[in-house]
Amino acid sequence: MTGIRVSHKARDPGPPAWDVILPSAQAHPVLEGSVVADWLVIGAGFAGLAAARRLRQLHPEAIIVLLEARRIAEGPVGRNSGFMIDLPHNLASDDYAGALEADRIQTAMNRSAISFARDAACEYEMGSEAFVVSGKTNAAASAKGMRHNLTYAKHLGTLGEDHELLDDRQMREICGSDYYRGGLYTPGTAMLQPALFARGMADGLVSQGVKVFENSPVVALQRSAGSWSAKTDIASVQSPRVILAVNGHVESFGFFKRRLMHICLYASMTRPLSEDEQRRLGGERLWAFTPADPMGTTARKIAGSGGTRIVVRNGFTWNPARSVDEAGLKTLGRAHEKTFRARFAMLGDVDMEHSWGGFLCLSRNNVAAFGEVDEGLFSACCQNGLGAARGTLSGMLAAEQASGNETDHLRYMLAQPQPGRLPPEPVASIGANAVMRWGEFRAGAEL
Ligand SMILES: Cc1cc2nc3c(=O)[nH]c(=O)nc-3n(C[C@H](O)[C@H](O)[C@H](O)COP(=O)(O)OP(=O)(O)OC[C@H]3O[C@@H](n4cnc5c(N)ncnc54)[C@H](O)[C@@H]3O)c2cc1C
């Protein structure tokens, strides 16, 4: 008999702003009583939602249960910047590029995830505010950023990928600001309103008979007589096969200990811009910028049911205990105000309405925490900061593996090494903090 007590509850600082700005969602029920299922998925982020959808496709008649600790879209799935990126995007590199062959394969796999998400968005009638393949621009604000873009463009050329270098005038026409010296546009990224997407996925799954429960954190997992029993404080699910789609929380279930890096990322969103402010800003209705330097600022203009707003993201903290204090969030919120004003001085009286953080999980060797970790128990975790595409992919592939299917992408995933072991504390924390602060310092005007 295997018994696992879950040691830590999911928590992220500040409000899940993408969800807060939407009209309130219909609640999913809390798990009650003793439920018997054919499949159980734990965690309703990108990975869990994709796993449940792929399972439903593969097993139309099966009983599939999806358990989420919080409300749907309250976790990192509803806290990210909404870039579902197709191309190589190695956050640990200077310019996102990696080794050629690995980048080719990762791009093909990311595209299969984007296409899976596009089919879901279409089938569940989510609309273009939730999901649209509109591409993104790597925005450069410094000579160094311009050099990164040129190196990255060359890499994309070698990969045979479409891209377009933009000058300062074109950047101003897009975003209304003359902050940027240039950009590198690539067409394949899907842009999400992440909370709307997560809600749409969960509602779509319910319409296909998947039993979705929210506010139902699993506190213990136990295997006996060929089946797993997942317990919440008040109820339980019995299932022979379980997919753990809890990202860094997989460590709380006792797996991949001392192999995962827990990082909190921070973002802020303005209040809705008035018509007059939108005119003052100028530029296009929607745009989406990742920074030319991976340590720099991501910025987006969004428009839809939550209003027209600008969203900025920068700042990382290393949090092995997966908790941050609200004072740290306030400091980052102030830094975001500064970032915003540097770019959009014409909107001097516009404040940030929401600031928040969210946990993500990285491994030293940029691989997922993936595979069968115990009999009938599958992990689809650690997306290395790119969970929109890579989490979706992990979830799809975990569903394939748990169903006994073999695909090229699954074989590739299973051939990857396990996440590398971290150095002991305090060496790991000192090293990680030094790398992050140095990276931010070097990012200069890209921050
Ligand atoms: C500010 C910010 C910006 C980001 N921007 C981007 C971006 O633009 N593009 C991108 O690709 N990625 C981005 N990310 C990263 C992205 O959000 C994550 O990589 C992604 O959410 C990981 O997906 P996941 O499904 O693996 O895990 P998560 O989304 O973290 O989902 C795991 C879920 O498991 C649940 N859970 C945990 N423990 C339990 C339990 N015991 N019982 C039940 N449920 C449990 C959690 O509540 C959570 O909802 C960003 C992150 C942040 C914070």
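Could you size up the charge dipole of region 5-129 around its Cα centre, putting +1 on the beta carbon of Lys and Arg and -1 on that of Asp and Glu, and report it in debye to the nearest 20?
380
Taking each DSSP H run with n ≥ 4 as -39500 (n - 2.57) and averaging over every residue of the chain yields -10500 deg cm²/dmol at 222 nm. Under the convention that each Lys and Arg Cβ holds +1 and each Asp and Glu Cβ holds -1, the size of the dipole of region 129-168 around its Cα centre is about 300 debye. Probing with 1.4 Å while keeping every protein chain in the model, the per residue accessible area of the chain equals 39 Å².
State whether region 129-210 is rounded, prolate or oblate according to the following rule on the C-alpha gyration tensor (a ≥ b ≥ c being the square roots of its eigenvalues): a/c under 1.5 gives rounded; otherwise a/b larger than b/c gives prolate, and the remaining case gives oblate. Cα axes put region 129-210 in the prolate bin. DSSP beta bridges fully contained in the chain are about 75 percent antiparallel. Please compute the Cα-Cα pair-distance distribution of region 122-263 with 10 Å bins starting at 0, giving whole percents from short to long. Using 10 Å bins, I get a P(r) of 9, 22, 23, 23, 16, 7, 0 for region 122-263. Give, as a single signed number, the net charge of other residues whose beta carbon lies under 13 Å from the beta carbon of residue 28, with Lys and Arg counted +1 and Asp and Glu -1. Result for the local shell: -1. Only one residue of 272, 287, 417 has its Cα farthest out toward the positive end of the dipole of the chain, where Lys and Arg carry +1 and Asp and Glu -1 on Cβ, and that residue is 417.
Compactness of region 358-444 was expressed as the Cα radius of gyration divided by 2.2 N^0.38 Å, which yields 1.30.
Just to check, using Stokes-Einstein with a Kirkwood Rh over alpha carbon pairs, what's the diffusion coefficient of region 200-316 at 25 °C and 0.890 mPa s in µm²/s? Intermediate values should be presented prior to the final figure.
Working: Rh = 18.8 Å.
For these conditions, the coefficient is 131 µm²/s.
For the chain, the Cβ-based charge dipole about the Cα centre amounts to some 880 debye (Lys, Arg positive; Asp, Glu negative; other atoms uncharged). Dividing the convex hull volume of the alpha-carbon atoms in region 227-376 by its residue count gives 171 Å³ per residue. Against the chain, whose longest principal axis comes from its Cα atoms, helix 143-159 is set at around 50 degrees.
Relative to its residue count, the chain spans a Cα convex hull of 128 Å³ per residue.
Here the chain has 53 percent of its accessible surface on carbon and sulfur atoms, given a 1.4 Å probe and all protein chains in place.
For region 226-276, what percent of Cα pairs sit more than 18 Å apart?
60
Ranked by the mean number of other Cβ atoms within 10 Å per residue, highest first, peptides 133-143, 302-312, 336-346 order as 133-143, 302-312, 336-346.
Projecting the Cα atoms of 379, 402, 346 onto the charge dipole of region 292-447 (Cβ charges, centred on the Cα centre) puts 346 farthest toward the positive pole.
Evaluated over the chain, the count of Lys pairs having alpha-carbon atoms less than 27 Å apart is 16 (only pairs 8 or more residues apart or interchain). Considering only 84, 153, 121, and ranking their Cα positions along the charge dipole of region 59-154 that arises from unit charges at the beta-carbon of Lys, Arg, Asp and Glu, the one farthest toward the positive end is 153.
Kirkwood radius and radius of gyration were both taken over the C-alpha atoms of region 1-97, and their ratio Rg/Rh is 1.03. Percent of Cα pairs in region 68-195 per distance bin of 5 Å, from zero to the largest separation: 2, 10, 17, 20, 19, 15, 11, 5, 2, 0.
The values are calculated or read from the model by the stated rules, or taken from the named source; none is laboratory data. In this text the structure is predicted, and so the values were computed from the model without any measurement. Ideal geometry is used to build each Cβ from the backbone, glycine not excepted, and the neighbour counts take in all protein chains shown. Surface accessibility is based on the protein's heavy atoms, side chains included, excluding ligands, DNA and RNA. Shrake-Rupley method; radii C 1.70, N 1.55, O 1.52, S 1.80 Å.
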